[in-house]
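Before any comments, here is the structure.
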Amino acid sequence: MRPASITLNKTAGFLEITWNTGKVCQYPLPELREACPCAECRGGHEYMGREFDPENILKLTPKRSYAAVGIDLVGNYALQPSWDDGHNAGIYTWDYLWRLCPPEE
C-alpha cells in the first residue's frame with residue numbers, strides 16, 4: 001500500500017491518508033501520537049515488533065491532547081511527525097499506518 005495523498009488537518013486534529021486502493025483513513029492526532037512506534041515511546045527495543053502494535057487506534061487513551069506541528073516524508077516509505085510536546089523520533093511506515101487505519105463506523 002502507498003498513499004495517493006496525505007493531508008495534515010491541524011485545525012480539525014487529524015491526519016488523512018487516501019491510499020492507492022481508494023481507501024481513506026482519518027487518524028486522530030492525539031491517538032496517532034500515542035501510537036508512536038519509536039523505541040522510547042514503546043518502552044525499549046524489546047517492544048518494537050508487530051505484536052506490540054495497537055489493535056485499534058481509537059481505543060488508545062492519550063495522556064493529553066496532542067497536536068502535530070508538522071510532518072515530513074521519510075524516503076518513499078514513511079512519515080515522521082513533529083509533535084507539540086517536542087517529540088519527533090517516531091517513523092510511521094506506510095505498512096504501520098495502513099494497519100493503524102481506524103475501523104469504519
Return yes or no: is F14 more than 14 Å from the chain's Cα centre (by Cα) and aromatic (F, W, Y)? no
Looking at this structure, is V69 in contact (Cβ under 8 Å) with a residue 12 or more places away in the chain and closer than 22 Å to R2 by Cα? no
Could you list all residues from segment 41-73 that are of a type in the set (D, E) and at pLDDT 95 or above? D72
A35 vs. criteria within 18 Å of D95 (Cβ to Cβ) and either modelled with pLDDT of 95 or more or in contact with a helix residue (DSSP H, G or I) (Cβ under 9 Å, 6 or more places away or on another chain) (or both): yes
Of all residues in segment 34-78 being of a type in the set (D, E) and surrounded by 14 or more Cβ atoms within 10 Å (Cβ to Cβ), the one that is farthest from the chain's Cα centre (by Cα): D53
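Within segment 91-105, which residues are outside any helix (DSSP H, G or I) and either free of Cβ contacts under 8 Å to residues at least 12 places away in the same chain or buried (at least 16 other Cβ atoms within 10 Å of the Cβ) (or both)?
Scanning segment 91-105 gives I91, Y92, C101, P102, E104, E105.
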Sort through N76, N88 and tell me the only one that's in a loop (DSSP other than H, G, I, E, B), touching a strand residue (DSSP E or B) at 6+ places or on another chain (Cβ under 6 Å) and either modelled with pLDDT under 95 or not charged (D, E, K, R) (or both). N88
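The values are calculated or read from the model by the stated rules, or taken from the named source; none is laboratory data. Because the structure is a prediction, the values reported are computed rather than measured. Note that each Cβ is placed from the backbone with ideal geometry, even for glycine, and that neighbours are counted across all protein chains shown.
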